[in-house]
Amino acid sequence: MRKLFISLACAAICCACDARHNNKVVTEQKNVPTEAVANTEDKNEGVEEGQMAPDFTLKDIKGKSLSLSDLKGKYVIIDFWGSWCIWCIRGMPKMKEYYKKYSDKLEILGVDCNDPEKKWKDSVKELELPWKHVYNPKGDTEILEKYEIQGFPTKVVINPEGKVVKYVCGEDPAFYQFLDEILK
């Protein structure tokens, strides 16, 4: 029963995250009163789809600094995840499949959130995750705020020019269809 409750809570958080990003687009497409849009934007300090992705630098798995801007020139998926997140772990096999399928056009940058450093490193090794990884120490919320992370996993797709083209919270087959479309 406890596992069911935790799973439902995680699903609700991911749905809320997805709805928040989707509502931004819907709100702008409908002619909603200006106050409603202004209130949304006042609360929104993060990056929108179509805007340049904020650069950040974190330590990689070997302790060296790695910046998002180091990956410019390819599509990049920033994958905000944690070993404690069941949906993050369940999505890894499909992520591995797509990383292998599009490795010439795509880089994945795993951003660990809320794990102790040793647990993060052990998880990357155990799950055999072949892409780049950086560690966001627990309590450091700057990057989470910049990207408005509301749930896990959250994937942010960035084009080769550095613009955000897609936010996806949770595991959704439509995400992989989107990758097939842009990476053909």
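The values are calculated or read from the model by the stated rules, or taken from the named source; none is laboratory data. Everything quoted here is computed from the prediction, not taken from an experiment. In this analysis, Cβ positions are derived from the backbone assuming ideal geometry, glycine residues included, and neighbour counts consider all displayed protein chains. For the accessible areas, the whole protein counts, side chains as well, though only heavy atoms, and no ligand, DNA or RNA atoms are used. Shrake-Rupley method; radii C 1.70, N 1.55, O 1.52, S 1.80 Å.
Whenever a residue of region 138-158 is over 20 Å from Trp84 (Cα atoms), its partners that are charged (D, E, K, R) and modelled with pLDDT of 95 or more, lying with C-beta atoms within less than 7 angstrom and at least six residues away or across chains, give the pairs Val157/Lys166.
Assess whether Lys138 counts as being open to solvent by 20 Å² or more (accessible area, probe 1.4 Å) and closer than 11 Å to Ile78 by Cα.
On the way: open to solvent by 20 Å² or more (accessible area, probe 1.4 Å): yes; closer than 11 Å to Ile78 by Cα: no.
No; evaluated as a whole, the condition is false for this residue.
Contact annotation: residue pairs with Cβ atoms under 8 Å, 6 or more positions apart or on different chains, pairing a residue in region 64-80 that is without any contact (Cβ under 8 Å) to a residue 40 or more places away in the chain and on the phi < 0 side of the Ramachandran plot with a partner that is open to solvent by 20 Å² or more (accessible area, probe 1.4 Å) and outside any loop (DSSP other than H, G, I, E, B), are Ser65/Thr57; Ser65/Leu58; Ser65/Lys59; Ser67/Thr57.
Would region 174-183 turn up any residue that is without any contact (Cβ under 8 Å) to a residue 12 or more places away in the chain and open to solvent by 60 Å² or more (accessible area, probe 1.4 Å)? Give the derivation first.
Taking region 174-183 first, the residues without any contact (Cβ under 8 Å) to a residue 12 or more places away in the chain are 174, 177, 180-181.
Going one step further and asking which of them are open to solvent by 60 Å² or more (accessible area, probe 1.4 Å), we end up with 177, 181.
For region 174-183, residues without any contact (Cβ under 8 Å) to a residue 12 or more places away in the chain and open to solvent by 60 Å² or more (accessible area, probe 1.4 Å): present.
Sub-7 Å Cβ pairs linking a first residue in region 86-102 that is open to solvent by less than 20 Å² (accessible area, probe 1.4 Å) to a second residue that is among the aliphatic types (A, V, I, L, M), at least 6 apart or interchain, are Met92/Leu127; Met92/Leu129; Met95/Ile108; Tyr98/Leu179, ordered by first then second residue.
Scanning region 147-181 for residues that are more than 13 Å from the chain's Cα centre (by Cα) and among the hydrophobic types (A, V, I, L, M, F, W, C) yields Ala174, Phe178, Leu179.
Report the residue count in region 104-127 for those that are over 30 Å from Glu181 (Cα atoms), under 18 Å from the mean Cα position of the chain (by Cα) and at pLDDT 95 or above.
The initial filter retains those residues of region 104-127 that are over 30 Å from Glu181 (Cα atoms), namely 114-123, 125-126.
Filter once more, so that each one left must be under 18 Å from the mean Cα position of the chain (by Cα): 114-115, 120, 123.
The next check asks that each one be at pLDDT 95 or above; those that pass are 115, 120, 123.
Here the count works out to 3.
Could you go through region 50-72 and let me know if any residue there is at pLDDT below 95, open to solvent by less than 70 Å² (accessible area, probe 1.4 Å) and either in contact with a helix residue (DSSP H, G or I) (Cβ under 7 Å, 6 or more places away or on another chain) or within 17 Å of Glu148 (Cβ to Cβ) (or both). Yes, region 50-72 has at least one match. Considering Lys105, Lys119, Lys132, the condition of being open to solvent by 30 Å² or more (accessible area, probe 1.4 Å), in contact with a strand residue (DSSP E or B) (Cβ under 8 Å, 6 or more places away or on another chain) and within 15 Å of Ile61 (Cβ to Cβ) is satisfied by Lys132 alone. Given the conditions (1) modelled with pLDDT under 95; (2) part of a strand (DSSP E or B), report the number of the one that Ala36 does not fulfil. Among (1) modelled with pLDDT under 95; (2) part of a strand (DSSP E or B), the lone unmet condition for Ala36 is (2). Residues that are more than 20 Å from Ile182 (Cα to Cα), more than 15 Å from the chain's Cα centre (by Cα) and among the small types (Gly, Ala, Ser) within region 55-103 comprise Gly63, Ser65, Ser67, Ser69, listed in sequence order.
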